[in-house]
1. Summing Lys, Arg as +1 and Asp, Glu as -1, what charge do residues with Cβ under 12 Å from the Cβ of Ser91 carry, Ser91 excluded?
2. In terms of solvent-accessible area of protein heavy atoms at a 1.4 angstrom probe, what is the ranking of Ile83, Ile142, highest value first?
3. Could you work out the local net charge near Ala100, counting Lys and Arg as +1, Asp and Glu as -1, over the other residues with Cβ closer than 10 Å to its Cβ?
4. Excluding ligands and nucleic acids, what accessible area in Å² is computed for Phe62 using a 1.4 Å probe, to the nearest 10?
5. Quick one: ranking Arg147, Arg117 by accessible area, 1.4 Å probe, largest first, what do you get?
6. Could you please put Glu49, Glu140 in sequence from largest to smallest accessible area, using a 1.4 Å probe?
Amino acid sequence: MGIRRKREGALPGAPALALILLLIGWLALDGQALAAKRAGQYWSGLSREQKTDLVLGIFDGFNLNESILSITLKNEYTICTDIMESIMHQSDAFFSGMPAGRIVTGLDTFYQERKNRNIPVSWGVWVVVRQGRGDTSLPEFIRELRRLYP
């Protein structure tokens, strides 16, 4: 048996990363089915406290996802650490000044429009935050969401 050489350009731990990304993808697909059920009709049936808890849960999901990616990238791909830290910093900046209560109120308004009723709450959060940031591409984003969730 000879000594195995690592292929040039091959990333260490690539199979492990591929497995993690596959798992995240699978969970995302399963989550999409659940998210479709958590749309405007679901939102309208919740109390203000339940709505706030749901928004906080979405934030918790964002944080968990960032943590998993950060740990994986730092352990396996140190070159990506700066990129991940930049993404986390930008996410924090994007959501700053957007407390859960403000998002809940924005979602209440968003789901009053009949065309938005089938858009999952997780996407509705992005709409509300982008609206709060004065995003000029928001109308096209909403049209795309309405096409995806008629």
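The values are calculated or read from the model by the stated rules, or taken from the named source; none is laboratory data. Nothing here was measured: the structure is a model prediction, and the numbers come from that model. Counting neighbours? That spans all protein chains shown, and the Cβs are built from the backbone with ideal geometry, glycine included. Just so you know, the surface numbers come from the protein's heavy atoms only, side chains and all, with ligands and any DNA or RNA stripped out. Shrake-Rupley method; radii C 1.70, N 1.55, O 1.52, S 1.80 Å.
1. Values: positive: none; negative: Glu66, Glu85, Asp92.
That works out to -3.
2. Ile83, Ile142
3. Details: positive: Lys51, Arg102; negative: Asp53.
Every neighbour counted, the sum reads +1.
4. The value for Phe62 is about 60 Å².
5. Numbers: Arg147 135, Arg117 75 Å².
The ordering from most to least exposed comes out as Arg147, Arg117.
6. Working: Glu49 135, Glu140 90 Å².
I get Glu49, Glu140, largest accessible area first.
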